[in-house]
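Throughout, read-outs are computed from the coordinates displayed, never taken from laboratory work. Since the model is a prediction, treat every value here as computed from it, not as a measurement. In this analysis, Cβ positions are derived from the backbone assuming ideal geometry, glycine residues included, and neighbour counts consider all displayed protein chains.
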Amino acid sequence: MNRIKFDYSQVCNFVKKEEISALFPQAAEALKTLKNGTSKGSDFLGWLDLPAAITETELNDIEKTAADLRKRTQVLVVIGIGGSYLGARAVIEALAGSFDNFGQSDMKVIFAGHNIGEDYYHELMTYLSDKEFGICVISKSGTTTEPAIAFRLMKEMLESKVGKAEAGKRIVAITDAKKGALRTLADQEGYKTFVIPDNVGGRFSVLTPVGLLPIAVAGFDIKALVKGAVDMRKECLENAQSVAIEYAAARTALYKKGFAIELLANFNPKLHYITEWWKQLYGESEGKENKGIFPAGVDFTTDLHSMGQYIQQGPRMMMETVISVEKTAHKVEIPFDEANLDKLNFLAGKRVDYVNKMAELGTRIAHVDGGVPNMLIQMPELTAEYIGQLFYFFELACGISGCMLGVNPFDQPGVEAYKNNMFALLDKPGYEEASKAIKSRI
Ligand code: PA5
C-alpha cells in the first residue's frame, strides 16, 4: 500500500538543507536510544512496539465488547481526559459523517470527563435521559478529577435508570492492571475491564484499548488502524532514514533558528481532532525545562479568515506543517448558474476539492513568501489505515524530537501545578498547608 509522505523542501529559504541533514545523525542516535531503551523516560517506551505486539485475540476481544455495547445501547459516553480520550475522538471525528456524528454502526459515541463544565453535564444528562446508554470510563491513573466527577454523575444516572445489574453490563473500565480507584471499583462491581500497559503513557495510548474500544464501538476498522501503524513502524524502525527522522530533524533545525511555534494546519474539517491529539502529544512531551516548540493548530480555510492575518504578517516565529489529504471520499461539483451574480461560473463543473487544493497550494506559497517555513504531510486518503500510519509517524517523530531537545518526552510534571492549587482551594484532605498558603494570596 501507499504510505504517507513528508516533504520539507519549502523550509529551505529559512534553514539550509545541509543544516537539516547535519541533524540526521543526532535524530538517528535519538531513535537508537528509544529502540534500545536507554532514552530518558525509558520506562514509558511500550508504545514503540504496541502495533506489532497487539494480538488478534486482543483485537477480537475489543470488537466483541464493542458489539455487545452496541447491542445493549444507542449511545456510548466515553469518559476520559487528555490521552485518555483525544485519540479515540480524533479517529471517530475523522471517519464519521460530519452531521450525524455516527460511525458505521448507528451508534453515537460522545465524550465527557474532559472538562468540568456544569452546564455541559446538565445538558448531557438531559440528552441521555431518554436514551439507552452505556459508559466507557478511561483513566490510567484511575484518580484524575475530571473523569472521576463525570463517572460519578453518569454511573448514578445509569444505575437509577436501568438498575445496578444492567448498568454493570453497560460499563466498561479501561485502567491500570492493579492500582488506582477505578481498578478497585471495577473489580468490586465486576465491570468488563481492559488494561492500559504500565509502560505506555496516556498520550501514546491510542493503539491500546483506550483508543481502540471507542473506535470499534463507533463501527470503524481497528484492525486497519493497527495495520497502518504496523506498516509505519516497519518503515521507520527498519530503515536508517525515514519520514520520522526527517520531520524531527527539520522541525528541530527550524526551532534552533528561532521558529518556536509549530502550526499544524489542515484543509479538511474532519482533521480537527487529529490536530488536538497532536497538540497534546507534542505539547506535553516537549514543553519542559523552559524548552520546546509550542504546538498550535489551525483549520483551513476556516481559520484563514481569522488567524490567517497573524500567520501572514505577525511576528515571524512560526513554522507550519500542513496535513494534506490527496483524495476525498466523495465528489461534489460546483453548479452553473445562469445569473452568475457571484461571478463563480468560471468554476462551474469543477470539483469543490479542486478549489480546496488550489487554496491549499496558494496558502502554502503565501505563507512561505510571508516568512513561515512550510512542511507537508501527504495522506493519500482519510482512512483508518492511513490514520494508523499518521499516529505512529507522529509518535515516533515526537519521541525523537524530545530526545534531541534533551528533555524526557514521556513525563508531564508540569500538569500537577494546577491540580495542587485546585485541591488546596477545594480543601481536599491532606492539602491543609497548601490551602492556607494559596488562600493568603487571594
Ligand atoms: O499523556 C498523559 O499521560 C496525560 O495527558 C493523561 O492522559 C491525562 O492526564 C489523563 O490521565 P489519566 O488517564 O490517568 O486519567
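Determine whether the range 135-145 contains at least one residue that is within 16 Å of the ligand (Cβ to nearest atom), part of a helix (DSSP H, G or I) and in contact (Cβ under 8 Å) with a residue 24 or more places away in the chain.
Among the residues of the range 135-145, at least one is within 16 Å of the ligand (Cβ to nearest atom), part of a helix (DSSP H, G or I) and in contact (Cβ under 8 Å) with a residue 24 or more places away in the chain, which makes the answer yes.
Out of all the residues in the range 322-333, is one or more closer than 25 Å to SER98 by Cα, of a type in the set (Gly, Ala, Ser) and part of a helix (DSSP H, G or I)?
Checking the range 322-333: not a single residue is closer than 25 Å to SER98 by Cα, of a type in the set (Gly, Ala, Ser) and part of a helix (DSSP H, G or I).
Contact list please: Cβ distance under 6 Å, first residue in the range 180-201 and closer than 19 Å to LEU158 by Cα, second residue more than 11 Å from the ligand (Cβ to nearest atom) and among the aromatic types (Phe, Trp, Tyr), pairs at least six apart or on different chains.
No pair meets every condition.
Restricted to the range 406-419, and to residues that are in contact with a helix residue (DSSP H, G or I) (Cβ under 9 Å, 6 or more places away or on another chain) and surrounded by fewer than 21 Cβ atoms within 10 Å (Cβ to Cβ), which residue is farthest from GLY41 (Cα to Cα)?
Looking at residues that are in contact with a helix residue (DSSP H, G or I) (Cβ under 9 Å, 6 or more places away or on another chain) and surrounded by fewer than 21 Cβ atoms within 10 Å (Cβ to Cβ), I get LYS419.
Could you say whether any residue in the range 100-115 is surrounded by fewer than 20 Cβ atoms within 10 Å (Cβ to Cβ), closer than 17 Å to TYR273 by Cβ and either hydroxyl-bearing (Ser, Thr, Tyr) or touching a residue at least 40 places away in the same chain (Cβ under 8 Å) (or both)?
The answer is yes; a qualifying residue exists.
Within the range 401-410, identify whether any single residue is more than 19 Å from ALA250 (Cα to Cα), within 16 Å of the ligand (Cβ to nearest atom), in contact (Cβ under 8 Å) with a residue 12 or more places away in the chain and not in a helix (DSSP H, G or I), and answer yes or no.
Within the range 401-410, one or more residues are more than 19 Å from ALA250 (Cα to Cα), within 16 Å of the ligand (Cβ to nearest atom), in contact (Cβ under 8 Å) with a residue 12 or more places away in the chain and not in a helix (DSSP H, G or I).
Given the range 164-272, what helices (runs of 4 or more DSSP H) lie entirely inside it while holding 2 or more residues that are away from the ligand (no atom under 16 Å from the Cβ) and farther than 23 Å from ILE149 by Cβ?
Details: elements: 164-170, 181-189, 209-217, 222-238, 243-256.
Per the criteria, 164-170, 209-217, 222-238, 243-256.
MET422 fails exactly one of the following numbered conditions: (1) in contact (Cβ under 8 Å) with a residue 60 or more places away in the chain; (2) within 30 Å of LEU45 (Cβ to Cβ). What is the number of that condition?
(2)
Would you confirm whether any residue within the range 54-77 is in contact (Cβ under 8 Å) with a residue 24 or more places away in the chain and under 17 Å from ALA244 (Cβ atoms)?
The answer is no, given that none of the residues of the range 54-77 is in contact (Cβ under 8 Å) with a residue 24 or more places away in the chain and under 17 Å from ALA244 (Cβ atoms).
Name the pairs whose Cβ atoms lie under 6 Å apart, with the first residue in the range 304-328 and on the phi < 0 side of the Ramachandran plot, the second small (Gly, Ala, Ser) and buried (at least 22 other Cβ atoms within 10 Å of the Cβ), and 6 or more positions between them or separate chains?
So the pair list comes out as GLU320/ALA265; VAL322/ALA265.
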